[in-house]
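The values are calculated or read from the model by the stated rules, or taken from the named source; none is laboratory data. Bear in mind the structure is a predicted one, so any value in this text is a computation, not a measurement. Neighbour counts run over all protein chains shown; Cβ positions are idealised from the backbone, glycine included.
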Amino acid sequence: MTTIASVQPSLAELFTPKLVTTLREGYGSADLRRDAIAGLTVAIVALPLSMAIAIASGTTPDRGLVTAVIGGFIISALGGSRFQIGGPAGAFIPLVATTIAVHGYEGLAIATFMAGLMLVVVGALRLGTYIKYIPYPVTVGFTAGIAVIIFVAQLRDLLGLTLGKAEPAEMLHKLPVLWSALPSANVAAVGVAALALAIIVAIRRFRPALPALLIAVVAGSGAAVLLSLPVETIASRFGALPTGISYQGLPGLSLNRIRELIVPAIAIAMLGGIESLLSAVVADGMTGRRHRSNCELVAQGLANMASALCGGIPVTGTIARTATNVRAGARGPVSGMLHSLFLLGFLVVAGNWMGYVPLAVLAAVLVVVAWGMAEKREFLSLLRASRGDAVVLLASFLLTVFVDLTAGIGVGIVLGSLLFMHRMAEAIEVRSATRMVEEDTADDPAGRPAYDTRRGADEDIVIYRLSGAFFFGAAATVGAVFDRIGRPPKVFILDMAGVPFLDTTGAYTLETAVHKLERGGTAVIIAGARGPIARTLAHFGLEEPRIGIAPTVEAALATARRRLATG
């Protein structure tokens, strides 16, 4: 039987970029061809997204492309994930828009550079591990909140509304202004937006291998041009786009500016770190690889510093584009580097043509992005999990929507920590009449027989035992151990008799591990899970008949051997 334990990697392992690792393993022309195809695929997806995110953030579309080119290249070249794709992210939209509204673009550039420096320091000091101490309900809550903010922010361009005054940034003030402007809706804008949405939905339903976003943008733009529709375009709002990248520095940098921008910088660094490591974890789950979190944070920091100096916006790992990279057959970080070079080629060659793109079409693209990032299934699952998790989830969600992202994350973490301490206090058992020194007994809190080493003699059956509270702080360590399972066994037994407490982050980690084992053809049996723990697992689908449930390891072994005997 294996007991979950952490393994400390060496300093070299922590900070060696995955590009170096990939090249050491051997890299030939076939690998380059796979990476080139994957890089082009991701670039086609990233082209409309980068422009749309920049516009929604309150700046010009070319800044989004600059971010994907400069930041994306550095993240892939120096990062700790094989498949990470860097660029502007939808999660940053409300934060960047607020920073620009208050401090201007120059203020955003300084804050982005400061955030990059913070990420480099955090990674170099190997503090990136602490970013994982964010409860799952907090992550789902602020992500869903950001999705709502993105959706509402697109209504103006999606409907072609004419506002009598500047659009407010705060949600409570924004909604009445948009409502009062509904009579000014532009039928042509609604039409091209509806066309783009229909194309995206149809392609994803019937031909998912095609680049739905780019096809929708091209079709919507073509319709607007051919029919001479009276819709606002990139060129009509922003003028001609530059067809290259230049060094811009940090104009307006001063000690006073640094002081006033420290809070936005911390928020950008925090969100960038969380988003990038979440994206790396998604890639790990899809490929069975493991990323180097501190190396990834250092690369993220350098990418943000470079992006700020070249006129970009905050950059981070992007989950959707990273997943696209994996599905496109990428071999390693070269695909991400090529994705940036392809985007640079698009900017240089087709920069003038991008001015014809209607803003309503880009708004439709972001509506699809918001729908995808809302994590609707996870949100509803957490609402049903427990009252405590529901409170943390809703607090993070509502504060993100109606106050700001920093409040949503901060309050969510505090509430999650208080909830964890409360649950741990309830899990303490006090026994009376216990001697200070007792005779040697089997190491088993449930009083079961001592473990028989002959159990592990069957190579087709692997047994792991979890001991202690399994909460958000331990999730990354346990997940790393599961990822190190070699050849998938025929039956995997997880003994949870020694687990007094399981939170939703731990349950989500187990569900991810079980999903990976199932893909390898492994049958999973969980043994010894107590009532509250079993109920939490059931909320994430870890119940019969999907997996086996047994009261003890002995019963699980008997079930496993019957399965093996019957083929």
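Just one of the listed residues (Thr233, Thr139, Thr243, Thr143) is under 29 Å from Gly71 (Cβ atoms), crowded, with 17+ Cβ neighbours inside 10 Å, more than 29 Å from the chain's Cα centre (by Cα) and hydroxyl-bearing (Ser, Thr, Tyr), and it is Thr233. Quick check: anything in segment 484-502 surrounded by 19 or more Cβ atoms within 10 Å (Cβ to Cβ), among the acidic types (Asp, Glu), touching a Gly at 6+ places or on another chain (Cβ under 6 Å) and not assigned by TED's automatic domain parsing to the domain that holds Ala385? For segment 484-502, residues surrounded by 19 or more Cβ atoms within 10 Å (Cβ to Cβ), among the acidic types (Asp, Glu), touching a Gly at 6+ places or on another chain (Cβ under 6 Å) and not assigned by TED's automatic domain parsing to the domain that holds Ala385: present.
Specify the residue that is nearest to Val20 (Cα to Cα); the eligible residues are those in segment 306-365 that are touching a strand residue (DSSP E or B) at 6+ places or on another chain (Cβ under 8 Å) and surrounded by fewer than 22 Cβ atoms within 10 Å (Cβ to Cβ). Top of the filtered list is Gly355.
Can you confirm whether segment 131-138 contains a residue that is of a type in the set (Lys, Arg) and either over 24 Å from Leu178 (Cβ atoms) or in a helix (DSSP H, G or I) (or both)? For segment 131-138, residues of a type in the set (Lys, Arg) and either over 24 Å from Leu178 (Cβ atoms) or in a helix (DSSP H, G or I) (or both): present. Look at (1) modelled with pLDDT under 95; (2) assigned by TED's automatic domain parsing to the domain that holds Leu366; (3) of a type in the set (Ser, Thr, Tyr); (4) part of a helix (DSSP H, G or I) and you find that Ser81 fails only one, number (4). Among the residues of segment 134-168, those identified as among the polar types (S, T, N, Q) and farther than 24 Å from Ile234 by Cβ are Thr139, Thr143.
Provide a single number: the residues in segment 328-346 that are touching a residue at least 40 places away in the same chain (Cβ under 8 Å) and assigned to a helix (DSSP H, G or I). Counting residues in segment 328-346 that are touching a residue at least 40 places away in the same chain (Cβ under 8 Å) and assigned to a helix (DSSP H, G or I) gives 12. Only residues that are assigned to a loop (DSSP other than H, G, I, E, B) and buried (at least 24 other Cβ atoms within 10 Å of the Cβ): list them for segment 50-74, please. The answer is Ser57, and nothing else.
In summary, helices (runs of 4 or more DSSP H) completely within segment 197-299 and bearing 1 or more residues that are touching a residue at least 60 places away in the same chain (Cβ under 8 Å), in contact with a strand residue (DSSP E or B) (Cβ under 6 Å, 6 or more places away or on another chain) and in the same structural domain as Ala320 (by TED's automatic domain parsing) occur at 212-226, 262-287.
When segment 114-136 is filtered for residues that are of a type in the set (Ser, Thr, Tyr) and surrounded by 19 or more Cβ atoms within 10 Å (Cβ to Cβ), only Tyr136 remains. Looking only at residues of segment 380-393 that are under 15 Å from Thr505 (Cβ atoms), in a helix (DSSP H, G or I) and of a type outside the set (D, E, K, R), we find that the one that is farthest from the chain's Cα centre (by Cα) is Gly388. Checked against the criterion of being outside any helix (DSSP H, G or I) and out of contact with any Leu (no Cβ under 7 Å at 6 or more places or on another chain), segment 512-519 contains not a single residue that satisfies it.
Hey, does segment 530-537 have a residue that's out of contact with any Ser or Thr (no Cβ under 6 Å at 6 or more places or on another chain), in a loop (DSSP other than H, G, I, E, B) and of a type in the set (Lys, Arg)? Among the residues of segment 530-537, at least one is out of contact with any Ser or Thr (no Cβ under 6 Å at 6 or more places or on another chain), in a loop (DSSP other than H, G, I, E, B) and of a type in the set (Lys, Arg), which makes the answer yes.
Annotation note: of Ala111, Ala91, the sole residue that is surrounded by 20 or more Cβ atoms within 10 Å (Cβ to Cβ), out of contact with any strand residue (DSSP E or B) (no Cβ under 9 Å at 6 or more places or on another chain) and assigned to a helix (DSSP H, G or I) is Ala111.
If I filter segment 28-46 for residues that are buried (at least 21 other Cβ atoms within 10 Å of the Cβ), among the hydroxyl-bearing types (Ser, Thr, Tyr) and in a helix (DSSP H, G or I), do I get at least one hit? Yes - at least one qualifying residue is present in segment 28-46.
If you check Leu163, Leu178, Leu172 for being more than 22 Å from the chain's Cα centre (by Cα), surrounded by fewer than 20 Cβ atoms within 10 Å (Cβ to Cβ), assigned by TED's automatic domain parsing to the domain that holds Gly272 and not in a helix (DSSP H, G or I), only one passes: Leu163. Within segment 181-216, the set of residues being crowded, with 17+ Cβ neighbours inside 10 Å and not aliphatic (A, V, I, L, M) comprises Asn186, Gly191, Pro211.
Against the criterion of being crowded, with 23+ Cβ neighbours inside 10 Å, at pLDDT 85 or above and under 26 Å from Leu95 (Cβ atoms), Leu394 does not qualify.
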